[in-house]
Amino acid sequence: MKVIFLGTGEAFDERYPNHSHLVLSENTALMLDCGDSAVRQLWKYTQDHSLVDALYITHRHSDHLFGIPALLGRMLEEERKKDLAIICSEQVKADIERLCQHAYFGIDSYGFKINFIMAEDGKEIQFNDLKLSFAKTGHTAYNLAIRIDDLPRGKAGGNKVVCYSGDGPFDEGTEKIYKNADILMHECYMFDQRIKGHVAAVDVFEMAKRQNVKCLALAHFKRAFNDETRKKVKEAIPSTGLKIILPNPLEEYTA
Ligand SMILES: [Zn+2]
């Protein structure tokens, strides 16, 4: 699977677009979260309004879903016809419907079919060639981290695992879905300070070691400390024994 890191910033950072990624398997393009600045990143990566098959929203905060009306609006203008799946919790579904009603003309008015697929803590679903698993984190809003397994395809590839935290600290249940991930994109706010609802880099290092994560991609640093935190993480990498990357927007990684 390939990951395009669309945005690697926190909610209000003018330098780094909102935390969002595009995951490409053989048959599926899945966009993870959709803050308002993430949408522009998608169109910088591709002009293809039909590329994205599904959108997954981790939680109800604006930097993770307020880009949806702009995403759907551009698809409407460019006459997308292909169905779009939106995968999210019941709470987020209600938020998206309200948001679309306020923004333009309602969720049913984009000229293509939008199919909601419900995500829940502990649930597994299959979408095309992907198996998706969800586990809650300890964020200030109800947030579901996601594990994406692409199905075995023998020698042609497959059998890779991409995970994404959304926002929030992990607990035992969250950690389970990160086990043996080929890449884990994890939010992080400060290097070693623990801020309510977010995670310190040093704690992610330890968890990634416990769960045998093969590559850890850290993003979402608090904007005022972004440069400082990135520097501290870089200095710490050799002592962690982990492969850790600090992706810039629109960089890619193949798992
Ligand atoms: Zn949040």
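The values are calculated or read from the model by the stated rules, or taken from the named source; none is laboratory data. What you see is a predicted model; the values in this text were computed from it and never measured. Note that each Cβ is placed from the backbone with ideal geometry, even for glycine, and that neighbours are counted across all protein chains shown.
For this structure, a couple of remarks:
- Meets criteria (within 16 Å of the ligand (Cβ to nearest atom) and either among the hydrophobic types (A, V, I, L, M, F, W, C) or buried (at least 20 other Cβ atoms within 10 Å of the Cβ) (or both)) for T174: yes
- Residues located in the stretch 1-26, provided they are under 18 Å from I148 (Cα atoms), small (G, A, S) and within 16 Å of the ligand (Cβ to nearest atom): S20
- Tally of residues being part of a helix (DSSP H, G or I) and closer than 24 Å to P17 by Cβ across the stretch 58-90: 14
- Residue within the stretch 233-251 that is among the small types (G, A, S) and in contact with an Asp or Glu (Cβ under 6 Å, 6 or more places away or on another chain) present: no
- Residue in the stretch 41-56 that is surrounded by the fewest Cβ atoms within 10 Å (Cβ to Cβ), counting only those that are away from the ligand (no atom under 16 Å from the Cβ) and under 22 Å from D149 (Cβ atoms): L51
- Test: residue in the stretch 178-194 that is over 22 Å from S37 (Cβ atoms), touching a Cys at 6+ places or on another chain (Cβ under 8 Å), buried (at least 24 other Cβ atoms within 10 Å of the Cβ) and of a type outside the set (A, V, I, L, M, F, W, C): yes
- When we screen A29, A38 for residues that are touching a strand residue (DSSP E or B) at 6+ places or on another chain (Cβ under 7 Å) and more than 16 Å from the ligand (Cβ to nearest atom), the only hit is A29.
- The listed residue being at negative phi, more than 15 Å from the chain's Cα centre (by Cα) and among the charged types (D, E, K, R), out of D171, D167: D171
- Here G158, G111 are screened, and the one residue that is part of a loop (DSSP other than H, G, I, E, B), away from the ligand (no atom under 16 Å from the Cβ), at positive phi and modelled with pLDDT of 90 or more is G111.
- With respect to the conditions (1) within 16 Å of the ligand (Cβ to nearest atom); (2) surrounded by 13 or more Cβ atoms within 10 Å (Cβ to Cβ); (3) under 21 Å from N18 (Cα atoms), K93 lacks only one, and its number is (1).
- For the stretch 136-155, a residue qualifies if it is surrounded by fewer than 21 Cβ atoms within 10 Å (Cβ to Cβ) and within 12 Å of the ligand (Cβ to nearest atom), and the qualifying residues are G138, T140, A141, Y142.
- Screening L76, L72, L51 for residues that are at negative phi and in contact (Cβ under 8 Å) with a residue 40 or more places away in the chain leaves exactly one candidate, L72.
- Residue check for D121: surrounded by 14 or more Cβ atoms within 10 Å (Cβ to Cβ) and either within 16 Å of the ligand (Cβ to nearest atom) or assigned to a strand (DSSP E or B) (or both): no
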